[in-house]
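> Submitted below is the structure of interest, expressed as structure tokens.
Please treat every number below as a calculation from the coordinates, not as lab data. As the structure is a prediction and not an experimental result, all values here were calculated from the model. In this analysis, Cβ positions are derived from the backbone assuming ideal geometry, glycine residues included, and neighbour counts consider all displayed protein chains.
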Amino acid sequence: MALSDDFLTELRSRCDIESIISSYVNLRRAGRISKGLCPFHNEKTPSFTVYPDTQSYYCFGCGNGGDVITFIRNIENLDYLDAVRFLADKAGMDMPSENSYDSSMNKRRVRMLEANREAARFFHKCLLSKEGAAGFKYFKDRGLTDETIRRFGLGFSPDTFSSLIDYMTSKGFTREELVYANLARTAKNGKSVFDNFRNRVIFPIIDVKGNVIAFGGRVLNNEVKPKYLNTSDTLVYKKSQGVFALNLAKKSGSDSLILCEGYMDVIALHQAGFTNAVAGLGTALTPEQAKLLSRYAAEVLIAYDADEAGQKAAARALTIFRNTPVRLKVLRLSGGKDPDEIIKNYGPEKMRSIIEGAANEIEFNLLKERSKYDLSTDDGKRRYLHSVINVLSSAGAIELDIYASRIAEELSVSKEVIVNEAKRAGKKNTAAVRKKEIAEISRRPDVLDKLNPQRRTSYAAAKAEEMLIAALMANPGLYKSVSEKISAGDFVTDFNRRIYEAVTRRIANSQPADISFLSGELTESEISAVANIQTVTHTLKNTEEECDDCIKVILSEKNKKSLKDVRVEDISNEDFLKFFRN
């Protein structure tokens with residue numbers, strides 16, 4: 001996108017990457033860098049690193065990296081221009097004239113939101129018509145009032161192949177636009193299209209800005225499969241990042257959110273007065289959803305189904321939420337398998353008492369372990385105590401003291417033994433988790449190896465190319481000297497050659513060559529790769545001598561042969577360069 005260098009420079013100067021990211025991630029300073037738990041994947045030890053010197057970030061766990069714009073794109077699920085607008089608004093800057101860049105993608109996104117809003121109107125009208133009588137009866141049988149149906153914009157899709165298509169085309173939308181929005185699908189013959197949702201009650205999914213971004217459709221007859229059909233990922237919707245009813249829950253005035261499994265649980269809770277209820281979107285809870293919820297609540301109450309599958313999902317959700325600052329509690333559902341059933345059977349007061357008696361994470365796990373053993377026997381007590389120690393191994397000092405005292409008194413055992421064993425287990429578990437994460441990272445293909453397959457067979461030259469690129473980005477003043485000794489054509493790997501050309505082209509034209517200014521020429525994954533390349537910058541001095549060393553590696557067949565029996569991937573950056581000095 002042709003945003004001017006002056007605009008991007010001003011935006012970067014006003015949007016310090018460390019300040020922006022710290023509002024989403026709890027960062028800890030470690031010398032010249034900051035580290036925290038990655039918001040883009042689940043981890044227990046921090047591999048997400050922010051580099052203030054280069055105004056970039058990189059996660060060594062999942063390979064996500066880039067500049068402040070890239071971060072906002074990923075964390076807020078925005079396209080490039082909307083991410084820039086987001087930051088510009090935060091910085092108090094006006095966007096350049098629309099004529100100054102290609103806005104086709106943004107126009108398509110706006111058009112898709114318009115199509116979704118019109119489709120929501122169509123589905124709602126159908127529900128209230130004779131054609132939607134079966135759907136209306138379904139919602140009424142589930143106990144929903146007319147007001148609740150209107151509040152959530154619930155709808156119905158007729159049992160035809162083109163009702164929505166016919167309506168939408170009459171409103172000026174093309175069939176291609178409907179397919180892009182996943183409101184319609186292309187037939188196997190590749191010629192005709194048909195409605196994606198047919199003979200289903202419809203749940204519009206609305207983002208926190210009030211945009212209809214997707215739909216969930218439920219069958220009326222449970223024998224029909226799939227039971228739920230959801231919009232596929234589109235330009236405006238990512239299932240792993242969205243939350244149902246957050247647009248309403250954020251207005252509840254509560255500092256807590258009740259996290260449910262299904263749409264109907266949320267709707268039943270709202271109707272009963274618990275207007276802070278939300279749900280995921282047809283998938284297990286994701287780190288992205290957890291991070292989103294943590295921005296709107298200090299506490300999350302997990303209200304998953306009481307069956308085994310629901311309790312397993314609750315345990316997994318607790319693990320994911322550990323990467324966020326929210327307080328966690330788990331509802332012990334009784335009187336029904338889910339909140340919807342409990343409210344129907346016993347009314348809102350029963351649900352309120354369950355919420356007031358919610359267990360925190362440790363209590364939830366202790367109760368779960370307790371149910372497995374017969375505490376009237378010595379063997380049952382012994383086995384329970386072993387499981388208790390594992391549960392308490394992750395507790396803080398205050399929590400450990402409280403629960404160890406309680407359990408010691410109940411089972412007539414020594415509190416000191418429980419505390420000491422829990423601390424010992426905690427140290428052991430932390431080391432095991434770290435070892436596992438390191439092993440997973442080592443098995444995960446490096447982002448540079450993915451984009452630059454030649455790197456595996458020409459590692460020494462590729463590494464030198466990356467160091468040279470990083471040095472030039474950090475110190476453009478080196479370009480004149482470097483350009484006299486090497487050209488892009490001398491590069492061994494194609495990917496690094498392209499990055500080098502992009503960087504040196506800008507330097508030669510007296511333009512900034514930081515990562516933000518390369519976005520128009522590179523894909524998101526390529527931007528992550530450049531962020532990876534830049535991670536070496538803070539370990540080097542970016543001097544002419546270092547550049548000369550890199551050039552020698554790239555140019556010299558002699559030095560390549562010298563490396564034949566050396567595992568260069570095990571050599572540090574500084575030692576790597578020393579190896580080539582005469």
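> Have a look at the DSSP beta bridges in the chain and tell me what percent are antiparallel, nearest 5.
The antiparallel proportion sits near 75 percent.
> While we're looking at this one, here's another question. Compute the angle between helix 524-534 and the longest alpha-carbon principal axis of the chain, please, reported from 0 to 90 degrees and rounded to the nearest 10.
50 degrees
> Quickly work out the Ser4-to-Asp159 label distance, labels modelled 7 Å from Cα along the C-beta direction, and quote it in nm with one decimal.
The two pseudo-label positions are separated by 6.1 nm.
> Additional query: For Lys450, go through the lysines and keep the ones whose alpha-carbon is under 18 Å away, minus same-chain ones fewer than eight residues off.
Lys463
> Quick one: which residues, 5+ away or cross-chain, put their amide H under 5 Å from the amide H of Arg200? H built at 1.01 Å from N.
Ser157
> Compute for the chain: radius of gyration divided by Kirkwood radius, i.e. Rg/Rh, restricted to C-alpha atoms, rounded to two decimals.
Here Rg/Rh amounts to 1.03.
> Taking Cα atoms, how many degrees apart are the long axis of helix 80-91 and the longest axis of the chain, rounded to 10 and kept between 0 and 90?
90 degrees
> Here is the link list: Lys251/Lys337; Lys239/Lys312; Lys381/Lys423; Lys35/Lys209. Which ones come out longer than 24 Å on Cα distance?
In this structure, Lys251/Lys337; Lys35/Lys209 exceed 24 Å between Cα atoms.
> Along the Cα→Cβ direction, 7 angstrom out, place labels at Ser371 and Lys227. What is the inter-label distance in nm?
The two pseudo-label positions are separated by 1.9 nm.
> So what are the ³J(HN,Hα) numbers for the range 142-155, from phi and the Karplus equation (6.51, -1.76, 1.60; θ = phi - 60°), rounded to whole Hz, Gly and Pro as x?
So the J values, rounded to whole Hz, are 7, x, 7, 8, 4, 5, 5, 4, 5, 4, 8, x, 5, x.
> While we're looking at this one, here's another question. Given a Förster distance of 41 Å, report the FRET efficiency between Glu410 and Arg295 from their Cβ-Cβ distance, rounded to the nearest 0.05.
The calculated FRET efficiency here is 0.60.
> What does the extension gain come out to for Ser13 and Lys90, with contour length at 0.36 nm per residue minus their alpha carbon separation?
26.5 nm
> What's the FRET efficiency of Lys130 with Arg332 using the Cβ-Cβ distance as r and R₀ = 51 Å, to the nearest 0.05?
0.70
> I'd like the per residue volume of the convex hull spanned by the Cα atoms of the range 246-360, given in cubic angstrom.
Once divided by residue count, the hull of the range 246-360 is 88 Å³.
> Something else now. Apply 1/(1 + (r/R0)^6) to the Cβ-Cβ distance of Arg150 and Lys350, taking R0 = 30 Å, and write down the FRET efficiency to the nearest 0.05.
Efficiency at R0 = 30 Å is approximately 0.70.
> Pulled fully out, how much extra length does the chain show between Gln511 and Glu308, if you take 0.36 nm times their separation in residues and subtract their Cα-Cα distance?
In short, 67.1 nm is gained.
> Run the quick spin-label model on Lys238 and Arg29: label points 7 Å from Cα toward the beta carbon, then report their separation in nm to one decimal.
Distance between the two pseudo-spin positions: 3.1 nm.
> Relative contact order, percent, of the chain when contacts are C-alpha pairs under 8 Å separated by at least 6 residues?
Contact order relative to length: 11 percent.
> HN-Hα J couplings of the range 276-288 from phi, Karplus 6.51/-1.76/1.60, θ = phi - 60°, integer Hz, Gly and Pro as x?
Using θ = phi - 60°, the values come out as 9, 8, 9, 8, x, 10, x, 10, 4, 3, 10, x, 5 Hz.
> What is the local net charge at Val219, summed over the other residues whose Cβ is closer than 9 Å to its Cβ (Lys, Arg +1; Asp, Glu -1)?
That works out to +3.
> Now for a different question. Once every DSSP H run of n ≥ 4 in the chain is given -39500 (n - 2.57) and the sum is divided by its residues, what mean residue ellipticity at 222 nm do you get, rounded to the nearest 500 deg cm²/dmol?
-15000 deg cm²/dmol
> Counting GluC sites (Glu not before Pro) as exposed when in a DSSP loop with at most 13 other beta carbons within 10 Å, what is the longest stretch of the chain free of them?
Between exposed loop sites, the widest span is 224-483.
> Additional query: If Lys and Arg each add +1 and Asp and Glu each add -1, what is the summed charge of the other residues whose beta carbon sits under 11 Å from the beta carbon of Gln534?
The answer is -4.
> If you don't mind, another one. Using Cα pairs under 8 angstrom and six or more residues apart, how large is the relative contact order of the range 246-360, in percent?
26 percent
> May I pose another question? Quick one: net charge of Arg28's neighbours, Cβ under 15 Å, K/R +1, D/E -1?
Charge balance near Arg28 sits at +2.
> With contacts defined as alpha carbon pairs under 8 Å and 6 or more residues apart, what's the relative contact order of the range 5-100 in percent?
RCO, the range 5-100: 21 percent.
> Could you pull out every residue, at least 5 positions away or on a different chain, whose amide H is within less than 5 Å of the one on Asn230? Hs are placed 1.01 Å off N in the peptide plane, and Pro or chain starts have none.
Here Gly217 satisfy the definition.
> A further question follows. Working from Cα positions, state the angle (0 to 90°, nearest 10) between the long axis of helix 415-443 and the longest principal axis of the chain.
60 degrees
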